[in-house]
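Take a look at the structure set out below.
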């Protein structure tokens, strides 16, 4: 008796097609939010930067007029160039010190020292604390009756008091000379641990055979640091420098918490704080948007310069 073969079952879409469709369905909520709340917000910000839109009112197209007023140093109540100068100084100083100190701490904690694990954890703790909390702690430490003045007074007066040198308490955040350096110091202290971990990961990827061969050839520790460690850490240095620059050029929360609207006398005013100030204090959304895109251009220029000099793939 002949057995009839059954017709092949219809399988509809292929398995790979079904997986692709399922993947896109899972991504759809994120893609919608990305398009609406990210790209849509960027497109709207571009539009209002070419208008005279206030926080409450209608938008009138003015072309590049808003950008012209922002970039005009003679325009009344224009604080952009002061803010940009403070921001660039802040970024250059903080990135330089946080990068080099992070490298040095990583090298020390990567060596065989007693209590290595404890010191790694202790140094990393400030980076997991909220920025606002750290800012409030340093705000009280920088007070004229704060712990920093107390410690400096105890050290200087007890050591140099015999020769007539006495320390007078300083209102660190109320002085135009010391306010910005004080915030720089706090930022350096709180960002070193994060970048130190990145450098530790980079150091542990360096083969030990390279150092052993250098020791056999008679290279000193200093020579190995400059000729082996730093060149092999170049990709990490580039990453840390870029991340640090982007972060410092957008510094806002420390300024908001620790100073009075970028004071004293705009000595701590930054571009990111000015963006907020223009939008919610002066009710000028158009100027705020224009300054935002100028800041984007500044960050992009910094990135290109760093890529030119630090990224091996860009220079080889």
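Bear in mind these aren't lab numbers, they're just calculated from the coordinates by the rules spelled out. On a predicted model such as this, the values are computed, not experimentally measured, just so you know. Positions of Cβ are backbone-derived with ideal geometry, glycine not excepted, and every protein chain shown enters the neighbour counts.
Pop a pseudo-label 7 angstrom from the Cα along the beta-carbon direction at both residue 253 and residue 55 and give the gap in nm to one decimal.
2.2
Using 0.36 nm per residue of separation minus the Cα-Cα distance, give me the extension gain between residue 171 and residue 124 in nm, one decimal. It would help to have the intermediate numbers written out before the result.
On the way: separation 47, 0.36 × 47 = 16.92 nm, distance 2.88 nm.
This chain segment gains 14.0 nm when fully extended.
For a quick check: sort 79, 54 by the number of other beta carbons within 10 angstrom, fewest at the front.
Values: 79 19, 54 15.
Lowest to highest Cβ neighbour count: 54, 79.
Just need the relative contact order of region 79-315 here, percent rounded to a whole number, with Cα pairs under 8 Å and 6+ apart.
On the way: 247 pairs, mean separation 68.8, N = 237.
Once normalised by length, the contact order is 29 percent.
Sticking with the crude label model, points 7 Å out along Cα→Cβ, report the distance from residue 234 to residue 21 in nm, one decimal please.
Between residue 234 and residue 21, the simple spin-label model gives 5.1 nm.
Restricting to Cα atoms and excluding each atom paired with itself, what does the Kirkwood estimate give for region 27-178 in Å? Show your work: numbers first, answer last.
On the way: mean 1/r = 0.0462 Å⁻¹.
Over region 27-178, the inverse of the mean reciprocal pair distance is 21.7 Å.
Sticking with the crude label model, points 7 Å out along Cα→Cβ, report the distance from residue 140 to residue 92 in nm, one decimal please.
3.6
To one decimal place, what Kirkwood hydrodynamic radius in Å is obtained for region 197-316 from all pairs of distinct Cα atoms?
When all Cα pairs of region 197-316 are included, the Kirkwood radius is 17.5 Å.
PRE reach from residue 45 (point 7 Å along Cα→Cβ): which of region 274-303 fall under 15 Å by backbone N?
274-280, 285-300
Order of 268, 241, 208 from fewest to most other C-beta atoms within 10 Å?
Details: 268 27, 241 22, 208 8.
Lowest count first: 208, 241, 268.
I'd like the FRET efficiency for residue 30 and residue 64, computed as 1/(1 + (r/R0)^6) with the beta carbon distance as r and R0 of 35 Å, rounded to 0.05.
Values: r = 35 Å, r/R0 = 1.00.
Efficiency, from the Cβ-Cβ distance: 0.50.
State the extension gain, in nm to one decimal, for the chain segment bounded by residue 227 and residue 37, taking 0.36 nm per residue of separation less the distance between their alpha-carbons.
63.7 nm
Could you tell me the ratio Rg/Rh of region 68-114? Both radii from Cα atoms, Rh via Kirkwood. Mind showing how you got there, number by number?
On the way: Rg = 19.3 Å, Rh = 13.6 Å.
Looking at region 68-114, the ratio lands at 1.42.
Starting from 0.36 nm per residue, how many nanometres of slack lie between residue 155 and residue 215 once their C-alpha separation is accounted for?
17.4 nm
For residue 163 and residue 101, what does the FRET efficiency come to when R0 = 30 Å and r is the distance between their Cβ atoms, rounded to the nearest 0.05?
Once the sixth-power term is evaluated, E becomes 0.40.
Starting from a Cα-only point model with no solvent, please compute log10 I(q)/I(0) by Debye for region 72-152 at q = 0.24 1/Å.
-1.13
Which of 67, 211, 44 comes first, and how do the rest follow, when ranked by fewest Cβ neighbours within 10 Å?
On the way: 67 19, 211 15, 44 11.
Neighbour counts put them in this order, fewest first: 44, 211, 67.
Label region 34-109 by shape, choosing from rounded, prolate and oblate, from the square roots a ≥ b ≥ c of the eigenvalues of the Cα gyration tensor; if a/c is under 1.5 it is rounded, and otherwise prolate applies when a/b is larger than b/c, oblate when it is not.
Working: a/c = 4.53, a/b = 1.81, b/c = 2.50.
The shape class here is oblate.
Two-decimal Rg/Rh of the chain from alpha-carbon positions, Kirkwood Rh?
Details: Rg = 27.3 Å, Rh = 24.1 Å.
Taking Rh as the inverse mean 1/r over Cα pairs, Rg/Rh reads 1.13.
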